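Single-structure report; data block below.
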Amino acid sequence: MTDNASKSPAANGQGQAMWGGRFSAKPAELMQAINVSIGFDKRLWAQDLAGSRAHARMLISQGVIASSDGEEILEGLAKIEDELATGTFPFRDEYEDIHMNIEARLRELIGPTAGRLHTARSRNDQVAVDFRLWVRDAADRSAAQLEALQKALLAQAETYADALMPGFTHLQPAQPVTFGHHLMAYVEMFGRDASRFKDARARMNECPLGAAALAGSPFPIDRHQTAASLGFDRPTANSLDSVSSRDFALEALSAASITATHLSRLAEEIVLWTTPMFGFIKLTDAFTTGSSIMPQKKNPDAAELIRAKVGRILGSLTTLTVVMKGLPLAYSKDMQEDKVPTFEAFDALELSLLAMAGMIADLTPNTEKMAAAAGAGFSTATDLADWLVRELNMPFRDAHHVTGSAVKAAETKGVDLSDLSLAEFQAIEPRITDGVYAVLTPAASAASRMSYGGTAPAQVRAQIARWKETLA
Ligand code: ARG
């Protein structure tokens, strides 16, 4: 280690260490304040080290740098990894970002040889590969967490495949369904969400390293080697695109936003179902909080927060879209603003997915209350109309009209459809027989819906079996 190398560039009076050559004065404090990104891009340290290692090994095997220099660099990077992993790495604002912090530290540890690492590389392709690696991991984690959530839903759906509940349209009682069927609707949504992350991953899995500043490199680099060693399918095919594009992050954020939208819908249902007016489910103390003034309260805060997180996540997609809009090729510093919204969005999504999976496993339905609600609100009226079509060969529109009259009669009397006497039914339509009562219970209604994907417990079980196999 040389004497000079151990001094910070500010102490040397050279301005910034990495690019200070042509500068005679230090940047204004405000310039530094707006420019510095180490406070947030330190989260890319593992990716930055991985990229540097892959690059150094390639430079060695291509003979661009001497093996002895390359080995020194790799040993230095290993020490830096140690410092970063144990929390002893000295992060310094004067080195601006994670790339220059690590390179400056490398110079302190091994001396001027450190400067050879940046041969055939620019921070533009460096940050592009770091960020892509980070987003790729985030997409993988999200897909895995979605699958864990699906498994939690599947377990409850299997237990409650026959448990009746009201199905709603317009949040008005519509037709009886089963709780298992309702939960399985979310298994489908989250399955598509996971597949969106996998699709995004496949498209993003090209390596921008080696694009250098924007035009490629005059050194005999092997971009296929670095791509393969970082787990990419291939190198990106246009150097300008490589350093300018962040659509991989936009796509991941868009998948995150759609996932968050689905989570917020399920969260809203949990909020509704836990309110005593519904009383469909109970959460334990593990996923509720009390009130500091109202002793009776058990609030579903986790569900409410998940319902809200979509704001932050969709906000991040909007932020990055607006940052990227209208940027000329190739790299512009605007793109440094890609990280905070992306980190924030995935932090929020990850927490939401974990908390939702926890809440789903935690909940217990009140099956009696749900079943009672399933029969309320004349929810088997469609079954009556279908019976009239099937048994009396009525056109559906006529059957709909007759059923409407029956609902009106029951409503006037203050009873359910199944409480009307046969005489009362026959006063509306003389051909009705007592066979009609068999279709007027919620259980019969649900069991009759045997069409593929319908709510009949047998159909629900078939879908559960299919998903269990898919997720196994
Ligand atoms: N901190 C920068 C970023 O996040 C790294 C790339 C800087 N490149 C440059 N030419 N100044 O985008």
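Residues in the stretch 320-375 that are among the aliphatic types (A, V, I, L, M) and in contact with a strand residue (DSSP E or B) (Cβ under 6 Å, 6 or more places away or on another chain): Leu363, Met370, Ala371, Ala373, Ala374.
Say whether the condition of being over 44 Å from the mean Cα position of the chain (by Cα), buried (at least 21 other Cβ atoms within 10 Å of the Cβ), farther than 20 Å from Asp162 by Cβ and modelled with pLDDT of 95 or more is met by at least one residue in the stretch 347-359. Looking for residues that are over 44 Å from the mean Cα position of the chain (by Cα), buried (at least 21 other Cβ atoms within 10 Å of the Cβ), farther than 20 Å from Asp162 by Cβ and modelled with pLDDT of 95 or more, one finds none in the stretch 347-359, hence no. Considering the stretch 20-33 alone, what residues qualify as being within 10 Å of Glu96 (Cα to Cα) and within 14 Å of the ligand (Cβ to nearest atom)? If the condition is that a residue be within 10 Å of Glu96 (Cα to Cα) and within 14 Å of the ligand (Cβ to nearest atom), then Gln32 is the only one that fits. When each of Asp193, Asp162 is tested for being more than 16 Å from the ligand (Cβ to nearest atom) and farther than 30 Å from Ser229 by Cα, the lone residue that passes is Asp162.
Restricting the stretch 221-268 to residues that are under 15 Å from Arg192 (Cα atoms) and among the hydroxyl-bearing types (Ser, Thr, Tyr) leaves a set whose member that is surrounded by the most Cβ atoms within 10 Å (Cβ to Cβ) is Thr259. Quick one: count up the residues across the stretch 423-460 that are in a helix (DSSP H, G or I) and in contact with a Gly (Cβ under 8 Å, 6 or more places away or on another chain). Qualifying residue count, the stretch 423-460: 4.
The set of residues in the stretch 415-452 being of a type in the set (Ser, Thr, Tyr) and under 15 Å from Met394 (Cβ atoms) consists of Thr433 alone. The residues of the stretch 320-340 that are over 14 Å from Asp247 (Cβ atoms) and within 13 Å of the ligand (Cβ to nearest atom), listed by number, are Ala330, Tyr331, Ser332, Lys333, Asp334, Gln336, Glu337, Lys339, Val340.
Considering the stretch 106-157 alone, what residues qualify as being within 23 Å of Phe89 (Cβ to Cβ), touching a helix residue (DSSP H, G or I) at 6+ places or on another chain (Cβ under 6 Å) and away from the ligand (no atom under 16 Å from the Cβ)? Within the stretch 106-157, Leu106, Arg107, Glu108, Leu109, Ile110, Gly111, Thr113, Ala114, Arg116, Ala138 qualify.
Number of residues in the stretch 134-189 that are farther than 17 Å from Leu263 by Cβ, among the polar types (S, T, N, Q) and crowded, with 24+ Cβ neighbours inside 10 Å: the value is 1. Assess whether Ala438 counts as being modelled with pLDDT under 95 and exposed (fewer than 15 other Cβ atoms within 10 Å of the Cβ). Yes; evaluated as a whole, the condition is true for this residue. If only one of Asp416, Asp398, Asp434, Asp362 is acidic (Asp, Glu) and under 42 Å from the mean Cα position of the chain (by Cα), which one is it? Asp362 is the lone residue from the list that is acidic (Asp, Glu) and under 42 Å from the mean Cα position of the chain (by Cα).
If I go through the stretch 9-42 residue by residue, how many of them are touching an Asp or Glu at 6+ places or on another chain (Cβ under 6 Å) and modelled with pLDDT under 90? Within the stretch 9-42, residues that are touching an Asp or Glu at 6+ places or on another chain (Cβ under 6 Å) and modelled with pLDDT under 90 number 1.
Report yes if some residue within the stretch 80-95 is acidic (Asp, Glu), within 16 Å of the ligand (Cβ to nearest atom) and either surrounded by fewer than 17 Cβ atoms within 10 Å (Cβ to Cβ) or more than 32 Å from the chain's Cα centre (by Cα) (or both); otherwise report no.
Within the stretch 80-95, one or more residues are acidic (Asp, Glu), within 16 Å of the ligand (Cβ to nearest atom) and either surrounded by fewer than 17 Cβ atoms within 10 Å (Cβ to Cβ) or more than 32 Å from the chain's Cα centre (by Cα) (or both).
So which helices (runs of 4 or more DSSP H) stay within the stretch 218-333 end to end and still have 3 or more residues that are in contact (Cβ under 8 Å) with a residue 40 or more places away in the chain and within 24 Å of the chain's Cα centre (by Cα)? Those helices (runs of 4 or more DSSP H) span 247-274, 301-324.
For every residue, the table says whether it meets (1) modelled with pLDDT of 95 or more; (2) under 27 Å from Pro341 (Cα atoms); (3) of a type in the set (A, V, I, L, M, F, W, C).
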{"residue": "Ala56", "(1), (2), (3)": "yes, no, yes"}
{"residue": "Leu59", "(1), (2), (3)": "yes, no, yes"}
{"residue": "Glu75", "(1), (2), (3)": "yes, no, no"}
{"residue": "Asp82", "(1), (2), (3)": "yes, no, no"}
{"residue": "Glu103", "(1), (2), (3)": "yes, yes, no"}
{"residue": "Ser142", "(1), (2), (3)": "yes, yes, no"}
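The values are calculated or read from the model by the stated rules, or taken from the named source; none is laboratory data. If you're wondering where the values come from, they're calculated on a predicted model, not measured in any experiment. Every residue, glycine among them, receives a Cβ derived from its backbone with ideal geometry; neighbour counts consider all protein chains shown.
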